[in-house]
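Q: What follows is a single structure, and I will ask about it in a moment.
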Amino acid sequence: MSVFKKILILLLSSFVGIIANPELPFASDTVAVTGITGEVETVIEIAPEPAEVETVLYVAKPAPTPTPASTSALAPVSVQPNPAPAPMNQISIAGRTLSLVHVDSTAVDAGNHVNKYGEKFLYGHNSAGVFGVLYNVGVGEAFSVAENGVTRNYRVQAVAIYEKVDDYTLKLNGQTIKMAVVARARYSGVNYDLSLMTCYGTSYGNGDASHRLVLFASAI
């Protein structure tokens, strides 16, 4: 038998053995076929089946949309200017500004300020720091009165000197006049917007005097 036939028989015998044996050779396994005469040795390398590759599908996630920074902290802060304080209740006349106090009776002493009774009547002592300035105010002169944040301007329209009878009665040219009429800023049949009164004439030394100086004014 020729060497070729011997090799073929050996190869066939080897494949039959592999088929009969369910175990497959590993990549490192070899099958050696040696001729009967030992003259030829054939080594057959059996290539391993390719390993199963696990395919993993990665889905790319979209990058998160950046959230814009809040602009509230960067917004300009509106600073409101402090409003100018409202003027106090006061009267500005003959270059002087005097405090004004509301009272509910003409019997309330004015002290070192001007009292206002009702809507139209202002009175005060004839001291230099209070209504002594009225002595220098004549017809046609303007002044202002500020109350509750509102300032109004006035002009003197008439000046009268009354004789005092008592706390509630005056006389003008022999005619008896109620203090209430003066307090309503009424003079010689005319209704004015304000009347300003202070002591006049002979001083009694107790803050009182023989007469009253009264200025009647209209709003302008």
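Read the figures in this text as sums done on the coordinates, not as results from a lab. For clarity, every value in this text was computed on a predicted model and none was experimentally measured. Because the Cβ atoms are built from the backbone with ideal geometry, glycine has one as well, and the counts that use them run over all protein chains shown.
Q: Which condition number does GLY140 fail, the rest of (1) under 14 Å from GLN90 (Cα atoms); (2) loosely packed, with under 12 Cβ neighbours inside 10 Å being met?
A: Single failed check for GLY140: (1).
Q: Any chance segment 111-122 includes a residue that's within 22 Å of VAL181 (Cβ to Cβ), assigned to a loop (DSSP other than H, G, I, E, B) and charged (D, E, K, R)?
A: Yes, segment 111-122 contains a residue that is within 22 Å of VAL181 (Cβ to Cβ), assigned to a loop (DSSP other than H, G, I, E, B) and charged (D, E, K, R).
Q: Return yes or no: is GLY129 in a loop (DSSP other than H, G, I, E, B) and surrounded by 12 or more Cβ atoms within 10 Å (Cβ to Cβ)?
A: Here the answer is yes, as GLY129 does meet what is asked.
Q: Related question: Out of everything in segment 164-201 that is of a type in the set (Asp, Glu) and surrounded by fewer than 17 Cβ atoms within 10 Å (Cβ to Cβ), what residue ends up being nearest to PHE121 (Cα to Cα)?
A: ASP167
Q: Looking at VAL145 and the list (1) under 23 Å from ASP208 (Cα atoms); (2) part of a strand (DSSP E or B); (3) of a type in the set (A, V, I, L, M, F, W, C), which single condition is not satisfied?
A: (1)
Q: Only residues that are at positive phi, out of contact with any helix residue (DSSP H, G or I) (no Cβ under 8 Å at 6 or more places or on another chain) and of a type outside the set (S, T, N, Q): list them for segment 99-150, please.
A: Within segment 99-150, GLY111, GLY140, GLY149 qualify.
Q: Applying the selection to segment 173-220, what residues are part of a loop (DSSP other than H, G, I, E, B) and among the aliphatic types (A, V, I, L, M)?
A: ALA185, ILE220
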